[in-house]
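Single-structure report; data block below.
The values are calculated or read from the model by the stated rules, or taken from the named source; none is laboratory data. Being a predicted model, the structure only gives us computed values, none of them experimental. Quick reminder, even Gly has a Cβ in these numbers, built from the backbone with ideal geometry, and neighbours come from all protein chains shown.
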Amino acid sequence: MQNWPLWQRDIILVILCIVSVLATTASPLLAADSVELALKFQCTFEDAALLTAYHLAGVGVGSLLFVPLARVWGKRHVFLIGSLLMIASSAWGGSTHMGYNYTSMLWARVIQGVALAPFESLINACVGDLYFVHERGLRMAFANVSLFGGAFLTPVFVGMIAHNIGWWWSFYFIAIFMGGGFLLLLFLCPEVAYRRPDRLNTDITTASSESLDPNTVLYDEKSPTEQVIPRVRGNAWKPLRISPFDGRKTDESFWKLFLRPFPLFLHPAVIWACLLQGVIIGWTVMVGVILSLIFLGPPLFYNEEQAGKMYTAAFIGSILGLLIAGVYTELTTRFMVRRNNGRYEPEFRILLVIPTLIFAASGLYGFGITAAKVARYGWLVPEVFLALIVASMVMGATASAQYLLDAHRDIAIESFTCLIIFKNMFSFILAYFAYTWVFAGGIERLFIIFGSIEVAICALSLPMYVFGKISRDFFHRHDLLQIFRLR
C-alpha cells in the first residue's frame, strides 16, 4: 500500500490542529476573569491563580498516562478520550457558577488539564508520523501555533463572554465546540500511527548508524521526493470503523513505555529542548496570570472585556512566530544543506534559536519595563513587547520540537513527553508564585530576571549546535533506554 497523498495528510493535520486549538483554550480560560473569580468564589488572588496552576499540573500528569497508551494502541483513541474528558470537565466547570464551590472548580480544572494532555503531547509526534523530514518545517510551526499560539486569542473572547453573558459560558462553549471536534476526530481522522519497519525508517535517528556516516546524503533539496517510499498503511478515506482501535502498534510493555521518559531527562538534547521550549512557555503563562492584574487594576481600571482584548497582541505574535519559524527554517536549512555539499544535519534546525533569542530578550525586558509603568507608556507599548514574547515562544517551541524529531526520531514521543512534563511543572511553579513574586519584587525587576535567564538558556544552543553530532553518536552507542533496560 502506498502513502496517503500530501493533501490528505494535510487535511488530517488540519483536523488535529483545529481540535487542539479548541482543547488548548482551556489553559488561558480564566486569564481575563481572575479578579472576578476571586471575588465570586471568595478566595484570594493566589487561589484564583491556582486554578490555572493545578490545571497545568493535570496536563503533566495526563501526559505520563496517554503517551504510553498511544505507543501501544495508537493515537486515535487517546484523542477521542481527551475530547470526551474535555467536554465533561468543561460542562462541570461551567456548572460551578450555581454554587461557587471552589473545590469543585479546582477539580474541574485539573480534569481539563488531563483532557488537554493528549493534544499537547502527541500533535508534534503526529507531524513525524505523517510527513517526511523535508515536509515538516512549516507544518511543525503550524502545529505549534495550534498548541500554543491559538490559545492566546481565547482571553479576547472570554473577556467579551464574561462581560456580557457570564464567565461560565466560556466553559459551556468549550464543551459545545469540543463536541463538534469529537465528531471530526471520530469520522474524519484515521489512525496516523503504524508499525514502521526499520527498512522503511528514513528519518535521522539515534538508532541509525547511517545517519552518522559523513558520506551519506541525507537531504537532497533538488529531489526531495527520493525519500518517499511505500508505507504500510491503508487508504485514508476508506470508510472508517467507529472503533477507536485498529490493533497494537508495538509489542513493548506498557509499563516500560510509561517509565521511558524519565531516563531521558539525562539526555543533553532533551535537557536543552526542555529549557528552550519549557522556560519561554513558562514566561508566557506568567504574563497570562498577571496581565489581568495590570489592566484591571490601577491606573487603567479596565473591565473584563477590555482586559481580554489585550491578548490580541499575543495572538498576533503567535502568527508572526509561525511565519518566521516556517520561512526562516526552510531558508536556513536549504542554505546550510548547500554549504554542506547536499548533506542535511539536524543541527541546522537549531539556527532558529537566533531570532528566538532576539525576540525573547527584547520582549521580556521591554514588557517588564513598560508594564511596570503602564501609566507612562500606555497599554500599546507593553502589548507590542508581549507580541514579541509570544513570537519567540512559537519559534523556540518549533526549534526544539524539530530538532528532537529529526535528530532523535526513535525517542521523539518520549522526548515530547519530557517537554510536556517540564513545561507544565515549570509553569505550575510560576503560576503558583506569580502574585507573591509580583507583590514582593515588582514586575520590572521580575521580568529583567526572566529575560536574563532566557538569554542564558538560548546561549546553550551554541554548544548544542557544535557538539550535537558528537552527542548523537555517543547516545547511539550508549542508549539510555537500553542502559535502564527500558528498550
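Miscellaneous remarks
- Restricting region 4-28 to residues that are outside any helix (DSSP H, G or I) and among the hydroxyl-bearing types (Ser, Thr, Tyr), the residue that is nearest to Gln112 (Cα to Cα) is Ser27.
- Looking only at region 335-344, and only at residues there that are touching a residue at least 60 places away in the same chain (Cβ under 8 Å) and crowded, with 16+ Cβ neighbours inside 10 Å, the one that is farthest from Leu357 (Cα to Cα): Arg343
- From the options Trp167, Trp107, Trp73, Trp92, residue that is of a type in the set (A, V, I, L, M, F, W, C) and in contact with a His (Cβ under 8 Å, 6 or more places away or on another chain): Trp167
- Candidates Met425, Met464 - the one that is assigned to a helix (DSSP H, G or I), out of contact with any strand residue (DSSP E or B) (no Cβ under 8 Å at 6 or more places or on another chain) and either of a type outside the set (A, V, I, L, M, F, W, C) or at pLDDT below 95 (or both): Met425
- Region 394-446 - residue that is crowded, with 23+ Cβ neighbours inside 10 Å and of a type in the set (Lys, Arg) and, of those, nearest to the chain's Cα centre (by Cα): Lys423
- For region 365-409, the set of residues classified as outside any helix (DSSP H, G or I) and either closer than 17 Å to Val279 by Cα or in contact with a Lys or Arg (Cβ under 8 Å, 6 or more places away or on another chain) (or both) consists of His408 only.
- Long-range neighbours under 8 Å by Cβ, at least six apart or interchain, first residue at positive phi within region 430-442, second of a type outside the set (Lys, Arg): Gly442/Ala372
- Members of region 1-39 found to be surrounded by fewer than 20 Cβ atoms within 10 Å (Cβ to Cβ), modelled with pLDDT of 90 or more and more than 28 Å from Phe132 (Cβ to Cβ), listed by number: none
- Residue within region 274-287 that is closer than 25 Å to Gly308 by Cα, touching a Pro at 6+ places or on another chain (Cβ under 6 Å) and crowded, with 21+ Cβ neighbours inside 10 Å present: no
- Test: residue in region 92-113 that is in contact with a Lys or Arg (Cβ under 6 Å, 6 or more places away or on another chain) and part of a helix (DSSP H, G or I): no
- Across region 291-314, a minimum of one residue is classified as surrounded by fewer than 21 Cβ atoms within 10 Å (Cβ to Cβ) and among the hydroxyl-bearing types (Ser, Thr, Tyr).
- Screening Ile420, Ile449 for residues that are within 16 Å of Gly282 (Cα to Cα), at pLDDT 95 or above and either assigned to a helix (DSSP H, G or I) or touching a Pro at 6+ places or on another chain (Cβ under 6 Å) (or both) leaves exactly one candidate, Ile449.
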